[in-house]
Amino acid sequence: MSRDLDRRLLALAEAVEVVEGRLEPDVVEPARRVVARAGARLGLGVEWTVVALAGPTGAGKSSLFNALSGGDTAAVGRRRPTTSEVHAATWGEASGPLLDWLEVKRRHHVDGDELHGLVLLDLPDFDSVETAHRLEVDRIVELADLLVWVVEPQKYADAALHDGYLRRLSTHGDAMALVLNQADLLSAGGAAGVRGDAARLLEEDGLHDPTVLVVSARTGAGLTELRALVAGRVAARDAATRRLWADAEAAARRLRRWCGDFRPAGVEEAERRQLVAALSEAAGVPRVVEAVGAAHRHRGALATGWPVVRWIRRMRPDPLRRLRLGRSAGDAERFGRTSLPPATDVQRAQIATAVRALADGASAGLPTPWPRLVRASVADEERILDRLDHAVGNARVEPSAPRWWRAASLVQRLLVLAAAVGALWIGLAGVAGSLRIEDVVPLPELAGAPIPTWLVLGGLALGLLLAFLARLVDNAGARRRQRGAERALRPGIEAVADELVVRPVERELAAHETLQRSLAVVAGRTSL
């Protein structure tokens with residue numbers, strides 16, 4: 001039993017760790033106290049059994065205490081309350097640390113071996129007019145291994161007892177007993193009827209097969225049965241573990257209502273894709289992809305266009321540079337944010353809708369407060385947008401320059417040079433003709449036209465044709481690079497979605513599953 005109890009207490013401690021900060025402190029605190037109390041109680045050993053006599057005013061707790069301890073150590077009288085502080089009677093000498101933990105100052109040693117290992121406590125009245133007395137009872141009720149509720153035959157149905165203690169401790173049947181004192185005031189038939197009715201009320205409180213005894217501290221009737229009950233628990237040395245077992249089960253039952261038995265499906269891939277699409281739109285991915293294509297065409301025109309008019313294109317800014325994209329990682333860190341326009345209200349709303357759909361879908365069916373915890377785990381909108389801008393700014397979207405651009409540029413320069421040579425040739429021939437020295441600058445012909453004319457017209461025509469063909473090729477290349485840029489941007493967007501939305505949601509779902517698994521272990525189940 002001890003190993004099983006240790007396993008359950010460890011599971012309860014794990015459950016407390018999970019719900020810490022997730023549930024309200026007043027929900028977590030009882031379970032935390034159980035874990036702390038169990039560690040302290042087991043650390044003191046289970047050789048000692050703490051039995052507490054608790055009950056209302058005038059029930060005869062002190063009389064029973066004296067009867068069991070064999071003396072007049074507890075004050076008995078008509079004045080109420082008679083017991084103002086906890087009084088202990090111990091059978092044995094090694095109970096000092098345990099009594100210190102119980103914070104019991106009044107101690108009485110009882111000689112005898114039949115109950116060796118027993119610590120018997122006489123508690124104040126739980127219905128005392130003194131608040132301090134009620135608080136002391138509540139404190140010891142949490143610590144005692146076996147609770148013996150002492151009541152009168154006229155008060156066994158008292159609501160203060162059933163509502164305040166018995167119903168709340170319905171899982172502690174093995175750690176409790178009800179004693180109907182003053183049986184000498186009842187006939188034999190009346191005692192049996194009261195005992196049966198008391199057992200019925202305890203069953204209604206949730207206690208299964210409750211222990212009910214009828215005694216008389218004045219005449220000694222029933223004391224043998226009560227002493228046998230106590231002696232049996234003392235001899236078994238399992239009262240402490242039984243109580244802690246019940247405490248752990250009760251704590252788990254209270255926590256279980258906050259997690260239920262339902263297992264969510266988790267993050268659906270369709271909802272993740274919808275989120276990534278919304279983030280891509282807000283991050284300006286379509287704008288960046290368009291800029292990559294425009295930059296490729298712009299640079300291609302500068303490299304392969306007709307050199308005569310290239311200077312006009314150089315006056316236009318590079319589309320990627322204008323957005324502060326296409327930089328190296330070091331430049332991205334140095335320049336910070338991109339120059340992409342901020343997300344519009346519509347795009348922000350799309351992000352919020354996608355995030356909410358993913359969180360709500362992942363937590364569907366979970367009880368309060370898990371849907372709220374799942375939604376709250378997601379990063380705030382501004383952080384998401386900032387990380388999106390950072391991801392876009394650091395993505396490698398710089399279009400590479402094709403090798404054929406150099407060859408085309410060289411050919412363009414040669415064609416311009418040919419046209420210039422032809423024009424210069426024609427000009428020199430004109431000057432020579434005006435000076436009547438045509439023979440100095442000859443104009444040989446080819447296919448019926450002067451070669452300089454072929455150079456000028458051919459250079460210009462072929463240059464324009466090459467520029468036109470290069471533009472067609474660059475357009476196709478721009479589309480390929482746009483697709484490449486989209487592929488390069490997607491991992492960064494997905495990383496932001498996973499880091500700031502998906503993984504936080506999955507962590508909360510994992511915490512919920514851990515809580516369910518831990519509480520199942522506490523309840524003695526191996527699976528949900």
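The values are calculated or read from the model by the stated rules, or taken from the named source; none is laboratory data. Because the structure is predicted, anything quoted here is derived from the model rather than measured. Counting neighbours? That spans all protein chains shown, and the Cβs are built from the backbone with ideal geometry, glycine included. To get the accessible areas, we keep the full protein, side chains included, count just its heavy atoms, and leave off ligands, DNA and RNA. Shrake-Rupley method; radii C 1.70, N 1.55, O 1.52, S 1.80 Å.
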Check: For region 164-177, in order, what is each residue's ³J(HN,Hα) by Karplus, 6.51 cos²θ - 1.76 cosθ + 1.60 with θ = phi - 60°, in whole Hz (x at glycine and Pro)?
Finding: x, 9, 4, 5, 5, 9, 5, 7, 9, x, 6, 10, 9, 8
Next item on the list: Show the residues, 5+ positions off or on another chain, whose built amide H is closer than 5 Å to the amide H of Arg106.
Entry: Ala88
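Helix hunt in the chain: which complete DSSP H runs extend at least 30 Å axially by C-alpha with mean Kyte-Doolittle at least -0.5?
What comes out of the filter, once short or polar helices are dropped, is 404-434, 451-497.
Give, as a single signed number, the net charge of other residues whose beta carbon lies under 9 Å from the beta carbon of Leu358, with Lys and Arg counted +1 and Asp and Glu -1.
Summing Lys/Arg as +1 and Asp/Glu as -1 gives -1.
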Next item on the list: Would you mind counting up the charge near His172? Only other residues with Cβ under 12 Å from its Cβ, with Lys and Arg at +1 and Asp and Glu at -1.
Entry: -1
Check: For the pair Ala160 and Ala36, how long in nm is the line joining their label points, each one 7 Å along Cα→Cβ?
Finding: 2.9
Margin query: Let's test this: bin the Cα-Cα distances of region 272-413 at 5 Å from zero up to the farthest pair and state each bin's percent.
Written below: 2, 9, 15, 15, 14, 12, 9, 8, 6, 4, 3, 2, 1, 1, 0
Item checked: Amide H partners (placed H, <5 Å) of Thr49, local residues excluded -> Leu118, Val119
Item checked: Accessible surface, region 350-489, averaged per residue in Å² (probe 1.4 Å) -> 58
Note to self: Using Cα-Cα distances under 8 Å and only pairs 6 or more residues apart, what relative contact order does the chain have, in percent?
What the structure shows: 18
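Run through the DSSP bridge list for the chain and note the antiparallel percent, rounded to the nearest 5.
Antiparallel bridges make up about 20 percent of those DSSP assigns within the chain.
For His116 and Arg480 in the same chain, what is the full-extension length gain: residue separation times 0.36 nm, less their Cα-Cα distance, in nm?
Extra length available between His116 and Arg480 comes to 122.1 nm.
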Note to self: Probe radius 1.4 Å, ligands and nucleic acids ignored: give me the carbon and sulfur share of the accessible area of region 185-277 as a rounded percent.
What the structure shows: 52
Notebook entry, point to check: Non-local amide H neighbours of Val179 (under 5 Å, H modeled in plane, Pro and chain starts lacking H): which ones?
Noted result: Trp149, Val150, Val151, Leu213
Item checked: Rg/Rg_ref, region 159-265, where Rg_ref = 2.2 N^0.38 Å and atoms are Cα -> 1.33
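How much space per residue, in cubic angstrom, does the convex hull of the C-alpha atoms of the chain take up?
Considering the Cα atoms of the chain, their hull volume per residue is 205 Å³.
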Note to self: What does the charge count around Gly300 come to, taking other residues whose C-beta lies under 11 Å from its C-beta (Lys +1, Arg +1, Asp -1, Glu -1)?
What the structure shows: +4
Check: What ranking do 57-68, 16-27, 513-524 get when scored by the average of other Cβ atoms within 10 Å per residue, highest first?
Finding: 57-68, 513-524, 16-27
